[in-house]
Amino acid sequence: LNGARLMVRKVREKSRATGDRGFYYHTLQGGHCRCEQKHSGEAGFMLATLMTGLHMYYEVTADKRAAEDIVKIARFIIETLWVPDAGGFRYTPCPGTSTSTAATWMLSEGLAFAARYSGDPEIIDIAMRSMAVVWESHATQPKSLGMHLCFATQGLHELSRVPGPSF
């Protein structure tokens, strides 16, 4: 728990220093953005990992700042990664990166928690819609299926706790 506190403290320091978005906001490099004028933010899978870790930390400590950081990250994801027509998320905030539903499983726990904690109708809607789309296109390849199933349990559990109609 002490290690987790140190990590969360470092994340908050980096977040505050770069716009207080709940994570370290930085210029994207390499495969994350090949544009001449580089975009900024973070890859969706990294934000998913951070939200999951912050959620685990919140569950143990009830630190409201961790919950609020998850909500900030979820809003950033919706503003920069969500592609409504595809029902999925970009790999990064760079519009030149691919869009898919694959990241939805990794993002599901954090997005669903942010929806429940904030009560924000937009986050609730996108958490539900993205999960409905990804559920219909469930992976059939063993590696992808294994990854999806690892994230599905926590994501679906958290989604089931969001007020309103059930998934």
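The values are calculated or read from the model by the stated rules, or taken from the named source; none is laboratory data. Remember, it's a predicted structure, so these values are computed and weren't measured experimentally. Note that we place each Cβ from the backbone using ideal geometry, even for glycine, and neighbour counts take in every protein chain shown. Just the protein is used for accessible areas: all its heavy atoms, side chains included, with ligands, DNA and RNA removed. Shrake-Rupley method; radii C 1.70, N 1.55, O 1.52, S 1.80 Å.
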message: Among the complete DSSP H segments of the chain, which ones combine at least 18 Å of alpha-carbon extent along their axis with a mean Kyte-Doolittle hydropathy of 0.0 or more?
response: 44-61, 64-80, 102-118, 121-136, 142-160
Around PRO163: net Lys/Arg minus Asp/Glu count, Cβ-Cβ under 15 Å: -2
- prompt: When the helix-only estimate is applied to the chain (DSSP H runs of n ≥ 4, each -39,500 (n - 2.57), divided by the residue count), what is the mean residue ellipticity at 222 nm, nearest 500 deg cm²/dmol?
  reply: -20500 deg cm²/dmol
query: What's the lysine pair count for the chain at a Cα cut-off below 29 Å, pairs eight or more apart or interchain?
result: 8
- prompt: Candidates (i) 15.4, 45; (ii) 21.9, 85; (iii) 32.6, 105; which is the computed Rg and Dmax of the Cα atoms in Å?
  reply: (i)
field: the chain, accessible area per residue, ligands and nucleic acids excluded (1.4 Å, Å²)
entry: 53 Å²
- prompt: How far apart, in nm, are two points set 7 Å out from the Cα along the Cα-to-Cβ line at GLU59 and at ASP20?
  reply: 2.9 nm
query: Of the accessible area of the chain, with the probe set at 1.4 angstrom, what percent is carbon plus sulfur?
result: 56 percent
query: Rounded to the nearest 0.05, what FRET efficiency do MET46 and LEU149 have when you use their Cβ-Cβ distance and R0 = 22 Å?
result: 0.55
